[in-house]
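*Asks:* My questions all concern the structure below.
The values are calculated or read from the model by the stated rules, or taken from the named source; none is laboratory data. Note that the structure is predicted; figures quoted are calculated from it, not measured. Here Cβ is always computed from backbone atoms with ideal geometry, including for glycine, and neighbour counts include all displayed protein chains. Please note that ligands, DNA and RNA were not included when accessible areas were found on the heavy atoms of the full protein model with its side chains. Shrake-Rupley method; radii C 1.70, N 1.55, O 1.52, S 1.80 Å.
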Amino acid sequence: MKWKKRQIIGLTLSVLIILFYFLTNTISLPERLSLIEGKEQKISIKVPFTFEILCENGNNLLINGEKVQDFVKINLRNPVTIQSAKLGSYNLEWRLFGVIPVKKTRVEVIPQIEVVPGGHSIGVKLKPNGVIVVGTGPISDEKGKTYIPAKEAGIEMGDTILKANGIYVYTAEDLSTIINNDDDKIITLTIKRNGAIFDVNVKAMKNRAGIYQLGLWVRDITAGVGTLTFYHPATRIYAALGHIISDSDTGKIIEIGNGEIIRAKITSILPAKKNIPGEKRGVFVKEEEVIGNILENNNFGIFGQIYEPLENPYYGQIPVAPSSYVHPGKAEILTVVEGERIERYEVEILRVYRQEAPSPKSMVIKITDPRLLSRTGGIVQGMSGSPIIQDGFLVGAITHVFVNDPTKGYGVFAEWMLKEIVKINENIP
């Protein structure tokens, strides 16, 4: 009899261990949850288990409409709603059958922040700190002898030249002027490479035309067309593109010296096909009328201050959704495919990644609108930054396309872009 009791106890413990392992590894209870003050958040797990949610000082928190004084009993077969009308933080503990602790969730109740969504096509001019080396090449002197001074001095593609002979250089012309006005033609270049700054001496050589050169190809500006995601009316700080800008030749991240955004008009579309990226083709409009500066270029896009408010034809101000509000299902994007006219297109959010820290690949989206598919074939270059709107919230922006299936791509949470705006505003004098 004792042996049978031990068997039963052992079997029960084994079942509980297996059940605990199953619950902790397969049920996606959140570790972090952001709630907008006064707005309801729904969690849908759909498993037939009863839990008790415990929370100290939870009088200001409603779960399924009940105040959490000591605990609230719920069944995860049905959606769970959480709401609070008071800013603050709460620690929830999920217990299976009120006994087995399974998960802890940190709940942050945050104020609602509203922005004006974008969709506008913008021209981007990004000027680095210095000039970027995009290649080295030979120089033939008057006698036909060939030299490659920059390469022999160890200068590499992707290096940024900050100074020449101690003088800051911002354009290729600046560099050329310093070289040709130097007496001994030994040019000291201050180089930045992978965060390190050092000096290199390079001997300038006279080419057949009588001009002194270092055998360098450099770029002093990067320009292109992208999409504005949103701007915050109170600070006039905007977010665009949703991803970092790298130099097209070197692949290196461009460190901003200064930059600007201007209006852009889409003139044609190169449709996307499998393994062939598509592209918006556009031109800058009234380049002399700059509409904003560029203060930051990072993993979540470009950011800066907009000089005059931009109107959206469909929305005024709408709230930015915390990442926990985003869910698989229908949504829409705003973008331009012809001229400067913003249009709305249907998409579907296929997958949402529950990120505990900011990361640019937050969700997978699919273009479902037949109008957009017929015109672009899916997501194309220049569409990056197009705002994604779901349930009346700005939830994110398009960032990348799947090359093997251009109807699909990645999006970044608007929450992460908003955090960048807060940082920038704190650093503006």
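*Asks:* For the range 177-203, which positions are within 17 Å of Ile139 (Cβ to Cβ) and either open to solvent by 50 Å² or more (accessible area, probe 1.4 Å) or more than 42 Å from the chain's Cα centre (by Cα) (or both)?
*Replies:* Within the range 177-203, Asn180, Asp182, Lys185, Ile186, Asn201, Lys203 qualify.
*Asks:* When only residues in the range 46-59 that are part of a loop (DSSP other than H, G, I, E, B) and open to solvent by less than 30 Å² (accessible area, probe 1.4 Å) count, which is modelled with the highest pLDDT?
*Replies:* Taking the candidates together, the pick is Cys55.
*Asks:* Working only within the range 153-170, note down all residues that are loosely packed, with under 15 Cβ neighbours inside 10 Å and either at pLDDT below 85 or among the aromatic types (Phe, Trp, Tyr) (or both).
*Replies:* Scanning the range 153-170 gives a single hit, Tyr168.
Table: residues versus (1) of a type outside the set (A, V, I, L, M); (2) open to solvent by less than 30 Å² (accessible area, probe 1.4 Å); (3) at pLDDT below 90; (4) closer than 22 Å to Asp220 by Cβ.
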site: Val109; (1), (2), (3), (4): no, yes, yes, no
site: Ser121; (1), (2), (3), (4): yes, yes, no, no
site: Lys143; (1), (2), (3), (4): yes, no, yes, no
site: Ala150; (1), (2), (3), (4): no, yes, yes, yes
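*Asks:* Oh, and also: Quick check on the range 229-250: of everything there that is surrounded by fewer than 19 Cβ atoms within 10 Å (Cβ to Cβ) and within 17 Å of the chain's Cα centre (by Cα), which residue is modelled with the lowest pLDDT?
*Replies:* Here the answer is Ser246.
*Asks:* Which condition does Trp416 not pass, out of (1) open to solvent by less than 30 Å² (accessible area, probe 1.4 Å); (2) over 21 Å from His243 (Cα atoms), if it passes all the others?
*Replies:* Checking Trp416 against (1) open to solvent by less than 30 Å² (accessible area, probe 1.4 Å); (2) over 21 Å from His243 (Cα atoms), the one that fails is (2).
*Asks:* Would you point out which residue out of Leu126, Leu96, Leu87 is among the aliphatic types (A, V, I, L, M) and open to solvent by 60 Å² or more (accessible area, probe 1.4 Å)?
*Replies:* It is Leu87.
*Asks:* Can I ask one more? List the residue pairs whose Cβ atoms are under 7 Å apart, where the first residue sits in the range 415-429 and is farther than 13 Å from Asn299 by Cβ, the second is in a helix (DSSP H, G or I) and open to solvent by less than 20 Å² (accessible area, probe 1.4 Å), and the two are 6 or more positions apart or on different chains.
*Replies:* Matching pairs, first to second residue: Glu415/Ser323.
*Asks:* I'd like to know if the range 90-108 contains one or more residues that are under 30 Å from Ser386 (Cβ atoms) and touching a residue at least 60 places away in the same chain (Cβ under 8 Å).
*Replies:* yes
*Asks:* Would you check if Glu343 is surrounded by fewer than 17 Cβ atoms within 10 Å (Cβ to Cβ) and over 30 Å from Ile45 (Cβ atoms)?
*Replies:* It is false that Glu343 is surrounded by fewer than 17 Cβ atoms within 10 Å (Cβ to Cβ) and over 30 Å from Ile45 (Cβ atoms).
*Asks:* Return the pair list, or none, for Cβ contacts closer than 9 Å from residues in the range 172-197 that are over 19 Å from Thr222 (Cα atoms) and small (Gly, Ala, Ser) to residues that are at pLDDT below 90 and open to solvent by 40 Å² or more (accessible area, probe 1.4 Å), at least 6 apart or on different chains.
*Replies:* That search, which allows pairs on different chains as well, returns Ser176/Ile211; Ser176/Tyr212; Ser176/Gln213.
*Asks:* Condition (residue is at pLDDT 75 or above and either surrounded by 11 or more Cβ atoms within 10 Å (Cβ to Cβ) or closer than 25 Å to Pro358 by Cα (or both)) applied to the range 10-24: is it met by at least one residue?
*Replies:* There is no residue in the range 10-24 that is at pLDDT 75 or above and either surrounded by 11 or more Cβ atoms within 10 Å (Cβ to Cβ) or closer than 25 Å to Pro358 by Cα (or both).
*Asks:* Continuing with this model, one more query. Of everything in the range 86-107, what is at pLDDT 75 or above and not in a strand (DSSP E or B)? Give them in sequence order.
*Replies:* Residues satisfying the conditions are Lys86, Leu87.
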